[in-house]
1. Among the residues of the stretch B:398-424, how many are buried (at least 24 other Cβ atoms within 10 Å of the Cβ) and out of contact with any helix residue (DSSP H, G or I) (no Cβ under 6 Å at 6 or more places or on another chain)?
2. Identify, please: which residue in the stretch A:107-131 is buried (at least 23 other Cβ atoms within 10 Å of the Cβ) and facing chain B (nearest Cβ under 9 Å) and is, among those, farthest from the chain's Cα centre (by Cα)?
3. Working carefully through the options B:Ser139, B:Ser149, B:Ser131, find the one that is surrounded by fewer than 17 Cβ atoms within 10 Å (Cβ to Cβ), of a type in the set (S, T, N, Q) and at pLDDT 95 or above.
4. For the stretch B:390-445, enumerate the residues that are of a type in the set (A, V, I, L, M, F, W, C) and closer than 21 Å to A:Gln98 by Cα.
5. Taking the stretch B:239-277 as the region of interest, how many residues are touching a Lys or Arg at 6+ places or on another chain (Cβ under 7 Å), more than 14 Å from chain A (Cβ to nearest Cβ) and not in a strand (DSSP E or B)?
6. Report, by residue number, each residue of the stretch B:428-477 that is surrounded by fewer than 21 Cβ atoms within 10 Å (Cβ to Cβ), polar (S, T, N, Q) and more than 30 Å from B:Pro381 (Cα to Cα).
7. Of all residues in the stretch B:444-489, which are in contact (Cβ under 8 Å) with a residue 40 or more places away in the chain and among the polar types (S, T, N, Q)?
8. Any residue in the stretch B:693-709 that is in a loop (DSSP other than H, G, I, E, B) sitting within a Cβ distance under 6 Å of a residue that is of a type in the set (D, E, K, R) and buried (at least 17 other Cβ atoms within 10 Å of the Cβ)? List the pairs, counting only those 6 or more apart or interchain.
Amino acid sequence: MATFRMTVDGKRVSVDAEPEMPLLYALRNNLGLNNPHFGCGLAQCGACTVHLDGEPVRSCVMPVSAASGKSITTIRGLGTPDKPHPLQAAYVAEQVPQCGYCINGWVMTAAAHLKKNPRASDAELREALSGLKCRCGTHVSIRRAIKRAQETMS
Amino acid sequence: MSVSRREFLKSIGALVVGGFVPLEEALGQGVAGKPPLVPGELDSWIAVLPDGRVQAFFGKMDMGQSLDVAIAQIVAEELDVGLDKVEVLMGDSATSCNQGGASGSLGISHGARPLRNAAAEARRLLLEQASKRLAISQSELSVADGVISGQGRTVSYSELIGGRHFHHKVEWNKQTGNLMDIKVEAKPKPPSAYKVVGKSMQRRDVAWKVYGTGDYVTDVRVAGMLHARVIRPPRAACKVRGVDESSIKSIPGVRVVRERDFVAVVARREWDAVRAAQRLKIDWHALDDAFPDMSALHDHIRAAKVVKHVEEVKRGDVAAAFKAPGMRLVEAEYEWPFQSHASMGPACAIAEVKAGACTVWTGSQKPHFVRDGVAALLEMPPGNVHSIWITGPGSYGRNDAGDAALDAAYLSKVVGKPVRVQGMRADGTAWDPKGPACVLRARAALEASGKVLAYEFVAKGFSRQHIATNEASPADSLVGQAMGVAAKPTWIFGVPAESYGFDNKLLAWEAIAPLVDNCSPLRTGHLRDPVGPELHFASESFIDELATAAGEDPVAFRLRYLTNERHAAVVNAVAEKAGWQRRTSPRPSQAGPVFTGRGIAFAERNGTAVAAVAEVQVDRRSGRVWARRFVVAHDCGLIINPQGLRYTIEGNVVQGLSRTLFEEVRFDRNSVHSVDWASYPILEMQDAPESIETVLIDRPEVAPSGAGEPTMRVVPAAVANAIFDATGVRIRKAPLDPARVKAALSRA
C-alpha cells in the first residue's frame with residue numbers, strides 16, 4: 001500500500017492503494033465516484049474513460065501510481081447541467097444514450113479530440129472513435145450529437 | 001409481504017372500503033392503510049400525491065428506449081394531467097405487480113393496458129367524487145391538468161385524493177406476467193381524443209446518464225457491503241475437486257465460498273476480490289470434448305436427434321406439389337452461429353440477507369422473477385424477498401444479470417453481510433446464455449411461369465429456452481446448476497413470420513438437445529428478438545433467391561405474394577423512401593474494387609410489420625461490407641412516442657448489423673474462446689451506417705404492437721441480399737465478416 005495524491009474533477013484527493021491497482025477502482029471505491037464504469041478491464045471498450053491531464057485514458061488498465069500527481073477529469077467534471085460541455089448539451093438534445101453505460105468512452109474521447117481538432121471530418125471522427133463500444137447501437141445518434149456540438153463550438 | 005401483514009390489512013380493510021385513508025398516516029405506520037399490492041386493487045397501479053403529482057406503478061421497465069415515457073403519456077392522457085406530473089415507478093417488487101418485466105417487446109402492447117385502465121378508472125372515480133362535492137352533475141364537469149371544473153367552480157385531484165388511497169377494487173384477469181390486465185368500469189378514451197399520446201416526448205434518463213449524476217446497479221452501495229467475484233469453470237460442466245486457499249494467502253481478508261461446484265471469493269475491497277479470483281487455485285475435474293469442433297457445429301446440428309418437431313404453418317399439399325411434373329426446384333441451406341448478449345458491462349447485483357429476508361438490487365429485466373428465484377434458492381417465502389431493478393449495463397434478454405442476482409443472494413446468505421457481485425468481462429461474453437446456433441433449410445417448387453407452387457422452410461437448432469426466459473427457478477441459474485439443480489429446458493424454436501400466400505406451404509421447426517446439460521457456457525436463452533434474426537436471415541434471403549429464380553424484382557416478387565395489406569404497405573413504403581428501382585438482382589456488372597448493391601427484407605413480429613432496405617458497399621479486396629444506408633418502414637399500429645420509436649428502430653438496425661456482420665461465439669472442443677471484445681468483436685464506429693431513415697406508419701385505429709425488437713430481424717437478410725445484388729454471390733452463413741465474404745467472392 002502507498003499513498004497517491006492527485007486532482008479529480010478539480011479536487012485534491014489522496015488514495016491509499018497498491019501501486020498496480022487500476023485507477024478505476026480508486027475512483028469508484030476509494031473516492032466513491034459512480035462514474036466511470038467497469039466494462040471490460042482490458043482497455044477494449046472505453047466505459048472507464050477519463051481525462052488524465054486532458055488526454056483520454058482507460059482507467060481500468062492504468063495503474064493508480066501512473067496517475068499520481070496528475071489531474072483527472074471524469075464525465076461529471078467535464079460539465080454540469082448548468083454549465084454543460086457542448087458535447088453533453090448535444091447528447092441531451094439528440095437524446096443519444098440508450099442504456100448509456102458506454103457513455104464515458106464516447107464523450108471523453110470525442111471531447112479530447114474536438115479540443116485538438118474542432119472541425120474534424122466525419123472520417124477523422126470515425127478514426128478517433130475507433131475501439132469504443134456501444135452495445136445498444138446508438139452510433140448514428142452519437143455522430144449526430146458530435147456534429148451538433150461541432151456547430152455550437154465553431 | 002408476510003402473511004401476517006396481509007391478514008392485518010385484510011382485517012382493517014373492511015373499515016376503510018369506500019373511504020380514503022391518508023397516505024401520510026399510512027407511511028407513518030409502514031404500509032398500513034394501503035391495500036395489499038395485488039392486481040385487483042386500483043392503488044396497486046396508480047396514486048395521486050398531495051401535491052397533485054401522479055405515480056404509476058409499472059411491473060416492467062425501460063432500458064433506454066423511452067418505454068417509461070410512453071407509459072407516462074398513456075397515463076397522463078387517460079387521467080387528464082400534465083405529462084410532467086406523471087412519474088413511472090418501474091420494476092420494484094414492493095411497488096409494482098409482476099407484469100413480467102421487459103419481455104417480447106410487449107411493454108406497450110401488454111404492459112400499458114392495466115395502467116391505461118387504471119388511469120381511466122381513477123379519472124372516473126375522481127369525477128364522481130367531484131360531482132358529489134360540487135353538487136354538479138358529471139356531464140357538466142370537465143378536467144384539465146388534474147383540475148375538475150364546472151359552473152365556474154373547481155376542485156383538483158390533489159384536493160380530492162392527494163396523498164390518500166382509492167381503496168377501489170378492479171377486476172384482475174388472474175394472469176401473472178405479460179398478460180396481466182384489469183377490467184374497470186371506466187371506458188378509456190378513443191384515439192381520436194388523444195392529445196399527449198402520439199407526440200414526441202423527451203426521455204427522462206438522458207440527462208443523468210450524460211452528466212454522470214445517476215446510479216446504475218453497479219453503483220449501489222450498501223453499508224457494510226463486501227465485494228465478490230464468482231469463479232466460473234474453465235470448461236463446461238466442470239466439477240470442483242478441491243480449492244487451494246493458500247494460493248491467495250498473500251491477499252489478506254479474502255474469504256472463499258464453495259458449495260459443490262460453485263466457487264466465489266468475497267473481500268472487503270473490490271480489488272482484493274478481483275485479484276483473489278484471478279489467483280485462486282482450483283482443482284477442476286474437467287469433462288473432455290464436451291463440444292463438437294467449431295467447424296463442425298452445423299454438421300452436428302444437421303445430424304442431431306430431433307427432440308421436438310412442430311409444424312407451425314401447413315397449407316395445401318406440400319409433398320404432392322414438390323412431386324408435380326415440370327416443377328423447378330430451388331433449395332438452399334443457411335447457418336447461424338451462437339451469439340452472445342455481450343452487454344456493455346458484465347452483470348452486477350447487490351444482495352442483503354438479514355433476519356430471514358433478502359433485498360436484492362438487480363439489473364435483470366425480470367425483477368419480480370428474481371424475487372421468486374432468490375426465494376427458491378434461499379428457501380424463504382417470496383414475500384420475504386424485495387427485488388429492486390436498477391438500470392444495468394445493457395439488457396437484451398436473459399443475459400448474465402439473472403445469474404448475478406442469484407449469486408449475490410446466495411453469497412450474502414453465506415457470509416451474513418451485504419454482498420456486491422460483478423462479473424469480469426468473460427462472465428458477460430463467455431458465460432451469458434447464448435442465442436442458439438441453427439441450420440435453416442428452405443426449398444420451393446416453381447412453375448415454368450416463375451410462380452411459386454410450393455414452399456417449405458424448416459429451422460433446426462438448439463432450443464431458444466435451454467435456460468428459461470427468467471430466473472424464477474434456480475434450475476435456470478449457474479449457481480443453482482453448480483449446486484446440483486438440473487436444468488429443465490423448454491423445447492422451442494420458431495418459424496418465419498410473414499404472409500406469403502404460396503398455395504402449398506409448410507413452416508416447421510426442430511429443436512435439438514443442448515451440447516452440455518448443466519453449467520454450460522453454450523447454454524441457450526433469449527437474446528433480443530429470440531430466433532428472429534436467425535430465421536429471417538434465411539427466409540428473407542431465400543425469398544430473394546426465389547425472386548432471382550423467377551426473374552423478378554425482389555420488391556415486386558414480395559408484393560406479388562404478401563397477402564396482408566399492412567405487410568404490403570411497409571414493403572411499398574420502404575421501397576418508395578429508398579428510391580428503389582425495379583430490376584432483377586444482381587446488378588449489372590460493375591467495375592473497380594468496390595461494388596455497391598441494395599437489398600430488401602420484410603418480416604412481421606407479433607402484429608408489427610417492418611421492412612428494411614440496406615445499401616451496401618462491398619470491397620472485393622478485403623471482403624469488408626459497409627452498410628452505408630438503411631431505410632426502415634415500420635408499422636406497429638398506434639404510435640405513442642414517434643421520437644422514441646425512431647431511436648428504438650435505429651438501435652435495432654445497428655445492433656442487428658453488428659450481429660449480421662461480426663458476431664460469432666468461438667469455441668473449441670472444451671471451452672468458449674469468446675471471452676472479451678477482441679475475441680467477440682462487435683460493430684464499431686467505422687462500420688456504422690452513414691444514415692438510417694425511418695418511415696413510421698401510424699395506425700391510430702390499431703392497438704399498438706411492439707417495437708423493441710422487430711427491426712432486428714430484417715437486418716441480416718437486407719444486408720445479405722444487398723451483397724448478392726452487388727456481387728452476384730450469395731452468402732448463406734452468418735456472420736458476413738470480411739474473411740467469409742472475401743473467401744466467397746474468391747470462389748465465385
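The values are calculated or read from the model by the stated rules, or taken from the named source; none is laboratory data. This structure is a prediction, so every number in the text was calculated from the model and none was measured. Note that each Cβ is placed from the backbone with ideal geometry, even for glycine, and that neighbours are counted across all protein chains shown.
1. Adding up the residues that qualify gives 11.
2. A:Leu129
3. B:Ser139
4. Hits for the stretch B:390-445 are B:Ile390, B:Ala401.
5. So the answer is 3.
6. Listed by number, the list holds a single entry, B:Ser449.
7. Selection gives B:Ser463, B:Gln465, B:Thr469, B:Asn470, B:Ser473, B:Ser477.
8. Going by the 6 Å Cβ cut-off, the qualifying pairs are B:Ile697/B:Asp635; B:Glu709/B:Arg528; B:Glu709/B:Asp529.
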